[in-house]
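In what follows, a structure is listed as structure tokens, so that the remarks can point back to it.
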Amino acid sequence: MKHRVEHGFTLLELLIAIAIFSLISIMAFSGLNSVLFNKEVVDLQLQRLANVQRTMLNLSRDIEQAANRPIRDELGSTQPAFSGGQNIDSTVFELSRFGWRNPAQQTRSTLQRVAYSYEDNQLIRLYWHHLDHLQTDEPVRRVLLKDVERIEVRYLEKEWSSSWPKLGADENTEPGLPRAIEVTLELKDWGKITRLFRLQT
């Protein structure tokens, strides 16, 4: 009676199998790592896009609902309904606007005072709880967009100007509102974005 001899794997065959398995594992991990990295980049770009769109929506709502309503500041001086390009602090422009929603039915106006500020490469939106500023009324601040290298605003009446009211305008006459505003944001990653807003004058 013959006995069947069973052969197992030799050491060389085991080493070759382990090497092949290791190579496949490295390739699979590299592919997975690349997919995860690409997903992270895409998620960051989508978040950036959402922030830019939200910023443009805020600008559009505020500017296009501008109200020709001057205010009094903390010192009691009259400030125009809309002002910009005056190089005051870091303020880009400031305006009164319609459409301040009041779902809680609080005793307050539906007009709102809003400003945009450029600080530390950030575009910041500010608003006050009262149109006429009180000395105790601190603005509510919210960062809209980061990595903004530059912001430029132009105002249109009969021609474009870099400030509103125009330089040399009669200080005793309320300048009203510009007809349109052009806002250019220069972003660190996306370059220049220009948007034109028409006011309801």
message = Against the condition touching a Gly at 6+ places or on another chain (Cβ under 8 Å) and modelled with pLDDT of 85 or more, how does residue 155 come out, does it pass?
response = yes
inquiry  = Checking residue 155 against (1) free of Cβ contacts under 8 Å to residues at least 60 places away in the same chain; (2) of a type in the set (Ser, Thr, Tyr); (3) within 27 Å of residue 176 (Cα to Cα), only one condition comes out false. Which one?
reply    = (1)
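Among 78, 91, 55, which is among the β-branched types (Val, Ile, Thr), touching an Asp or Glu at 6+ places or on another chain (Cβ under 9 Å) and modelled with pLDDT of 80 or more?
Numbers: 91 fails: touching an Asp or Glu at 6+ places or on another chain (Cβ under 9 Å); 55 fails: touching an Asp or Glu at 6+ places or on another chain (Cβ under 9 Å).
Sole residue among the options that is among the β-branched types (Val, Ile, Thr), touching an Asp or Glu at 6+ places or on another chain (Cβ under 9 Å) and modelled with pLDDT of 80 or more: 78.
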remark   = Checking 147, 132 in turn, the sole residue that is closer than 30 Å to residue 44 by Cα and among the acidic types (Asp, Glu) turns out to be 147
query = Considering only residues of region 142-152 that are in contact (Cβ under 8 Å) with a residue 24 or more places away in the chain and in a strand (DSSP E or B), which is farthest from residue 113 (Cα to Cα)?
reply = 149
inquiry  = For region 181-196, which positions are at negative phi, assigned to a strand (DSSP E or B), surrounded by fewer than 17 Cβ atoms within 10 Å (Cβ to Cβ) and of a type outside the set (Ser, Thr, Tyr)?
reply    = 182, 186, 192, 193, 195, 196
task = Just one of (1) in contact with a helix residue (DSSP H, G or I) (Cβ under 7 Å, 6 or more places away or on another chain); (2) over 16 Å from residue 84 (Cβ atoms); (3) among the β-branched types (Val, Ile, Thr) trips up residue 143, so point out which.
result = (1)
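The values are calculated or read from the model by the stated rules, or taken from the named source; none is laboratory data. On a predicted model such as this, the values are computed, not experimentally measured, just so you know. Note that we place each Cβ from the backbone using ideal geometry, even for glycine, and neighbour counts take in every protein chain shown.
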